[in-house]
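Readers should treat all values here as calculations from the given coordinates under stated rules, not as data from a laboratory. The structure presented is a predicted model; accordingly, all values stated were derived computationally and were not measured. Note that we place each Cβ from the backbone using ideal geometry, even for glycine, and neighbour counts take in every protein chain shown.
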Amino acid sequence: MSDDAPLPGIFQLTPLDPTYREDPHSVLGDLRARCPVHRDETAGSFILTRYDDVRPLVSDRTLWRDPLRAEAGATLQRRFAEPPPGVPRSETTSILMLDDPDHARIRQPLAQALYARAARFRPEVERIVGEALDSIDASAPFDLMSAFCVRVPIDVIASILGVDHARLGEFRDWSEGLIQSLNPFRNEEQTAHMERAGAALTAYFQEIIADRRERPKDDLISDMTRLQGEGVNLSDAELLINLSALLIGGNLTTTDLIGNAVRLLLLNPGELAKLKADPGLINQVVEETLRYEPPVDSTGRVASAEMEIGDQKVKPSQALMFHLRAANRDPAAFDRPDEFDVSAKRRPHVAFGGGAHICIGAPLARLEAQVALLRLFERFPNLRFAHPETPPEWRRLPFFRGLERLDLMARAGDPGPARRPRPRGR
């Protein structure tokens, strides 16, 4: 792109734009080289693309997270509705958009309970992954996204929360509907699905919360109601909205992480061969996927005081957008940034954000991706693209990057190891 070409705004940095959708890294690389701290007046935000700007600032606890603290001109941030009069902000949005003290008050007990469960959840993840693999008919080409990548994260979070197995089908539909809450450009049909799913899920969670308070089980909702009973300052409305946020985050980003990793390993057979030769490399495979093709494009903050970033002066209440994808491919921070290399010694990526708002589900997402990838390539060691000449079909949800479909096939006559019966979970 020529130096005098117009710089892209936020809306050209989403998969709604076909150029960005097909090759975001070229667009972002050009923007980073020409204007690494870019003021986009159409959205009222500064867009940051350099690693050395993004990494410290995304961890800066003095910046605000609540988009309603942004100035009126920050149209992307200000799309969020003000809470109704008399309703606390903490009962209208999840910890993702809250500042302290409410953020710390709610996140601390939720993270404590979630991390304790994630630490001992590997056998259940193994069971869920095994059942998903058992359901794949590999005698013909199949779409890995719908058959595996979408199913595993939803079933894992459902199991952690304590969703009735008989209602998993409904739960999966609600989860897919709620994803549209992340889409600021959703159409009427998507909005209707989101609203139906939100109402149904709210009613279901209210039912479960009341039931677990009387009859606790071995699940996260029981953990949280127990903490409430022990005096933790957490209302049912706050619990409900953050359970919904866990569902959305646990579904979408982990689905995309698994799908993106499979695609990258098939595109780079040398890297897949390394993993097959040494399954102990699985952690590096997941981390390199998070750097090279992260599920989330960007995250936002609001300046709490006057500051300078590069050659730009930022005023209090001005919005900042940290482009995680751009930072993760910054050649000033990473050697050979556009190569997918699971053996490379890299600086820490920023795919999960940082600071007080680092992704609360990161440990669980890593666990799911590690188990899913290892078991998938054990079951189907000769997995390959069903249509290698067809360009990938990327989803168009703004600010995320994941595949709509990933059509694969096992080599004829080699469906992988024999399926073994797996013990049922609780």
Could you bin all the Cα-Cα distances of the stretch 63-185 into 10 Å bins starting at 0 and give me the percent of pairs in each, rounded to whole numbers? 10, 28, 31, 21, 9, 1
Which lysines, on any chain, are close to K274 with Cα under 22 Å apart, when same-chain ones fewer than 8 places away are left out? K345
For F400, which sequence-distant residues (separation of 5 or more, or a different chain) have an amide H within less than 5 Å of its own amide H, given hydrogens modelled in the peptide plane? D297
Using only the alpha carbons of the chain, determine the length spanned along each of the three principal axes and report them from longest to shortest in whole angstroms. 62, 59, 41
Which cross-chain or sequence-distant (5 or more) residues have an amide H under 5 Å from the amide H of G354, H modelled 1.01 Å from N in plane? C359
Out of the DSSP beta bridges found with both residues in the chain, what percent are antiparallel (nearest 5)? 85
Run the Debye formula on the Cα coordinates of the stretch 109-160, all scatterers equal and no solvent, and tell me log10 I(q)/I(0) at q = 0.14, 0.29 1/Å. -0.43, -1.10
Any DSSP H helix in the chain with Cα axial reach of 30 Å or more and mean Kyte-Doolittle score of at least -1.0? Listed by number, the hits are 188-214, 236-267
Mind checking the log10 I(q)/I(0) for the stretch 217-260 at q = 0.28 Å⁻¹? Debye, one equal scatterer per Cα, no solvent, two decimals. -0.96
Across the stretch 324-413, how large is the tail of the calculated P(r) beyond 21 Å, expressed as a percent of all Cα pairs? 55
Arranged from highest to lowest average of other beta-carbon atoms within 10 Å per residue, in what order do the peptides 53-63, 172-182, 380-390 appear? 172-182, 53-63, 380-390
Would you compute, for the Cα atoms of the stretch 343-384, the largest minus smallest coordinate along each principal axis and list the three values in descending order, in whole Å? 41, 24, 14
All-pairs alpha carbon distance profile, the stretch 198-353, 10 Å steps from 0, percent: 9, 25, 22, 24, 18, 2
Gain upon complete extension [E389, S139; 0.36 nm per residue less C-alpha separation]: 87.9 nm
What percent of all Cα-Cα pairs in the stretch 274-382 falls in each 5 Å bin, counting up from 0? 2, 11, 17, 18, 17, 13, 9, 5, 3, 3, 1, 0
Place a point 7 Å from Cα of Q112 in the direction of its Cβ. Which residues in the stretch 193-231 have their backbone N less than 19 Å from it? 213, 217-231
Over the stretch 139-199, consider all pairs of different Cα atoms and compute the Kirkwood hydrodynamic radius from their mean reciprocal separation; express it in Å, one decimal. 12.8
Can you quote the Å³ per residue value for the convex hull of the Cα atoms in the stretch 194-286, rounded to an integer? 134
At each listed q (0.10, 0.14, 0.18 Å⁻¹), what is the log10 of I(q)/I(0) that the Debye formula gives for the stretch 140-254 modelled as equal alpha-carbon point scatterers? -0.32, -0.60, -0.93
Please state the relative contact order of the chain as a whole percent: Cα pairs under 8 Å, 6+ residues apart? 26
